[in-house]
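Colleague: I'd like to ask some things about the structure below.
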Amino acid sequence: MRGMDKKLKILTYGCQMNVADSERMAGLLKKIGYTLTDDAERADLILINTCCVRATAEDKVFGQIGKFKSLKREKPSLILGVAGCMAQKEGANLIKRAPHIDFVLGTGQSSEVARVVLSLERERKHFVDVSNVSGEISSEVFPLRGGHVSTFVPIMYGCNNFCTYCIVPYVRGRERSRQPEEIFAEVKQAVAEGFKEITLLGQNVNSYSGGMTFAELLSAVDKIAGVKRLRFMTSHPKDLSDELIAAIAGGENICEHIHLPVQYGSDKILQRMNRVYTVEKYLRLVEKIRVAIPNVSLTTDLIVGFPGETEEDFQETLKFLRAVKFDAAFTFIYSKRSGTPAATFASQIDDATKHRRLEELMKVQNEISLAKNLALENSAVEVLVEGASKTDDKIFMGRTRSNKLILFEHGSEQAGELVSVKINQAQTWLLKGKIIHSSDVA
Ligand code: SAH
Ligand code: SF4
Ligand code: F3S
């Protein structure tokens with residue numbers, strides 16, 4: 001017999017959207033009596049929310065599923081479920097490969113999780129539903145949010161872009177936008193729970209189409225009382241409108257940071273990736289953003305080793321990076337995803353070349369990131385206090401409006417407060433500083 005206090009362990013892989021989905025599923029499962037635990041061994045239900053964007057993400061999940069096999073043998077009442085993008089992609093194959101999995105739930109069915117678990121509590125049999133990848137977004141949401149200061153609010157799901165390397169459109173379905181009223185209500189609810197920073201999420205957040213433009217939505221959320229900081233991700237360059245740039249420039253609490261994945265720095269590869277812009281167009285966009293929002297921070301994603309990439313293409317990308325000077329870049333090695341067009345492209349790049357190019361790319365970008373951060377030394381920045389740092393509780397951590405991580409010596413400040421910090425040391429991925437008290441300023 002299951003008692004009333006049932007324990008749930010959730011493991012989340014992949015992007016912020018998966019974090020948000022996990023919080024939603026945890027909220028639904030709470031309604032049927034599950035409370036969260038960190039300890040898988042004490043769990044009555046283990047839910048793995050998966051990612052399949054690269055082979056490495058899938059390998060991690062398979063490793064994790066394997067680890068739970070013995071746990072399941074020791075405790076047959078344990079329910080093991082797999083949700084998220086890999087569940088959507090693999091469906092029943094997951095159970096064929098690992099029969100100790102009880103259920104597989106696709107991305108479009110995540111709001112069904114409580115119903116599925118209740119039925120498995122009553123009668124144990126394998127359950128798979130990946131039937132509707134573009135499933136309706138449930139308006140009944142009561143996410144069990146992690147953290148205390150900063151949280152995610154999804155505003156749209158899915159992707160229609162079909163970049164030739166990417167699995168996301170196949171596992172997340174077509175673009176669907178939530179209604180503004182529903183988004184406002186959720187933001188207000190998060191603020192009431194004490195959250196200070198809201199990040200609006202979408203695979204292509206700026207192609208939002210819920211009856212108003214993304215710029216209008218962003219400006220409206222900016223006006224909600226209690227939202228101290230507002231962020232959004234991920235933006236596609238093709239949808240970054242002048243209206244949106246103006247909204248950011250004119251916003252009150254909208255942070256001056258745009259994550260704007262470029263993916264590559266040569267037209268030939270961009271075209272083969274189906275990114276629908278050229279290097280020149282992207283550069284012009286960056287220029288326009290920097291004129292309108294002078295202190296903007298720009299970050300990006302890049303993929304090396306895309307099929308057909310020549311040394312010349314790669315050198316062009318290095319040149320491009322030196323020209324743009326991103327604040328930071330997330331760099332990935334191309335991973336062949338079966339079912340995507342690029343998986344069948346000729347001239348796949350060998351592993352050694354991919355790794356060498358990644359190293360070189362990172363070296364160039366790290367120099368740029370460091371130089372950008374060094375230029376901030378001795379300046380004062382607004383920091384949202386997140387809490388004690390992981391390694392030293394005398395040191396606090398927080399983020400600048402530009403989304404840079406900063407460590408600082410603290411006084412009586414509390415998590416969730418906005419403080420002014422003077423930067424006294426800059427590193428590639430990190431800033432260090434000291435709080436400026438109003439008495440120091442006077
Ligand atoms: N919707 C977002 C995020 C997509 S996934 C966007 O369009 O930017 C996050 C990043 O993973 C992408 O920006 C891309 O750089 C990377 N990525 C996607 N598919 C990949 C693949 N097959 N191999 C390597 N990196 C990939
Ligand atoms: Fe993938 Fe491209 Fe869609 Fe981003 S825009 S999720 S990279 S297909
Ligand atoms: Fe991964 Fe799915 Fe996000 S594939 S990156 S978890 S949308």
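Colleague: Might you let me know whether the range 111-120 holds any residue that is more than 16 Å from ligand 2 (Cβ to nearest atom), at pLDDT below 95, under 29 Å from Glu197 (Cβ atoms) and in contact with a helix residue (DSSP H, G or I) (Cβ under 9 Å, 6 or more places away or on another chain)?
Modeller: Among the residues of the range 111-120, at least one is more than 16 Å from ligand 2 (Cβ to nearest atom), at pLDDT below 95, under 29 Å from Glu197 (Cβ atoms) and in contact with a helix residue (DSSP H, G or I) (Cβ under 9 Å, 6 or more places away or on another chain), which makes the answer yes.
Colleague: So, one more: Output the residue which, of all residues in the range 43-69 that are among the β-branched types (Val, Ile, Thr) and buried (at least 23 other Cβ atoms within 10 Å of the Cβ), is nearest to ligand 2 (Cβ to nearest atom).
Modeller: Within the range 43-69, the match that is nearest to ligand 2 (Cβ to nearest atom) is Thr50.
Colleague: Would you mind stating whether Val304 is within 16 Å of ligand 2 (Cβ to nearest atom), among the aliphatic types (A, V, I, L, M) and more than 27 Å from Thr199 (Cβ to Cβ)?
Modeller: It is true that Val304 is within 16 Å of ligand 2 (Cβ to nearest atom), among the aliphatic types (A, V, I, L, M) and more than 27 Å from Thr199 (Cβ to Cβ).
Colleague: Got a number for residues in the range 156-172 being hydroxyl-bearing (Ser, Thr, Tyr) and surrounded by 21 or more Cβ atoms within 10 Å (Cβ to Cβ)?
Modeller: 2
Colleague: Still on this structure, I have one more. Regarding the range 226-233, can at least one residue be identified that is of a type outside the set (Lys, Arg), within 16 Å of ligand 1 (Cβ to nearest atom), over 26 Å from Gly398 (Cβ atoms) and not assigned by TED's automatic domain parsing to the domain that holds Asp313?
Modeller: no
Colleague: Shifting gears a bit: Scan the range 92-111 residue by residue and report those that are over 23 Å from the mean Cα position of the chain (by Cα) and not β-branched (Val, Ile, Thr).
Modeller: If the condition is that a residue be over 23 Å from the mean Cα position of the chain (by Cα) and not β-branched (Val, Ile, Thr), then Ala92, Asn93, Leu94, Lys96, Arg97, Ala98, Pro99, His100, Asp102, Phe103 are the ones that fit.
Colleague: Mind telling me which of the residues Glu252, Glu287, Glu280 ends up being in a loop (DSSP other than H, G, I, E, B), away from ligand 2 (no atom under 16 Å from the Cβ) and not polar (S, T, N, Q)?
Modeller: It is Glu252.
Colleague: Just checking, does the range 255-266 include any residue being part of a helix (DSSP H, G or I), out of contact with any Leu (no Cβ under 6 Å at 6 or more places or on another chain) and buried (at least 22 other Cβ atoms within 10 Å of the Cβ)?
Modeller: No; the residues of the range 255-266 include none that is part of a helix (DSSP H, G or I), out of contact with any Leu (no Cβ under 6 Å at 6 or more places or on another chain) and buried (at least 22 other Cβ atoms within 10 Å of the Cβ).
Colleague: For the range 374-422, which positions are touching a Cys at 6+ places or on another chain (Cβ under 8 Å) and at positive phi?
Modeller: Residue satisfying the conditions is Asn403 alone.
Colleague: Can you tell me which of Lys30, Lys60 is basic (Lys, Arg) and more than 16 Å from ligand 1 (Cβ to nearest atom)?
Modeller: Lys30
Colleague: Within the range 313-326, identify whether any single residue is acidic (Asp, Glu), outside any helix (DSSP H, G or I) and touching a Ser or Thr at 6+ places or on another chain (Cβ under 6 Å), and answer yes or no.
Modeller: No, the range 313-326 contains no residue that is acidic (Asp, Glu), outside any helix (DSSP H, G or I) and touching a Ser or Thr at 6+ places or on another chain (Cβ under 6 Å).
Colleague: On to the next question. Any chance you could count how many residues in the range 300-312 are more than 11 Å from ligand 1 (Cβ to nearest atom) and not in a loop (DSSP other than H, G, I, E, B)?
Modeller: 2
Colleague: For the range 92-108, which residues satisfy the criterion of being assigned to a strand (DSSP E or B) and of a type in the set (A, V, I, L, M)?
Modeller: Matches in the range 92-108: Val104, Leu105.
Colleague: Could I ask something else about it? Within 16 Å of ligand 3 (Cβ to nearest atom), buried (at least 18 other Cβ atoms within 10 Å of the Cβ) and in a helix (DSSP H, G or I): which single residue out of Lys72, Lys89 fits that description?
Modeller: Lys89
Colleague: Please specify each residue of the range 316-351 satisfying the condition of being closer than 30 Å to Gln427 by Cβ and among the aliphatic types (A, V, I, L, M).
Modeller: Correct list: Leu318, Leu321, Ala323, Val324, Ala328, Ala329, Ile333.
Colleague: Just to verify a result, which residue in the range 16-42, among those that are among the hydrophobic types (A, V, I, L, M, F, W, C) and buried (at least 18 other Cβ atoms within 10 Å of the Cβ), is nearest to Val117 (Cα to Cα)?
Modeller: Leu29
Colleague: Could we say that Thr340 is under 25 Å from Met233 (Cβ atoms) and within 16 Å of ligand 3 (Cβ to nearest atom) here?
Modeller: yes
Colleague: Follow-up question, since we're still on this one. Please find, among Gly66, Gly91, the residue that is on the phi > 0 side of the Ramachandran plot and away from ligand 1 (no atom under 16 Å from the Cβ).
Modeller: Every option except Gly91 fails the conditions.
The values are calculated or read from the model by the stated rules, or taken from the named source; none is laboratory data. All of these numbers come straight from a predicted model, not from anything done at the bench. Quick reminder, even Gly has a Cβ in these numbers, built from the backbone with ideal geometry, and neighbours come from all protein chains shown.
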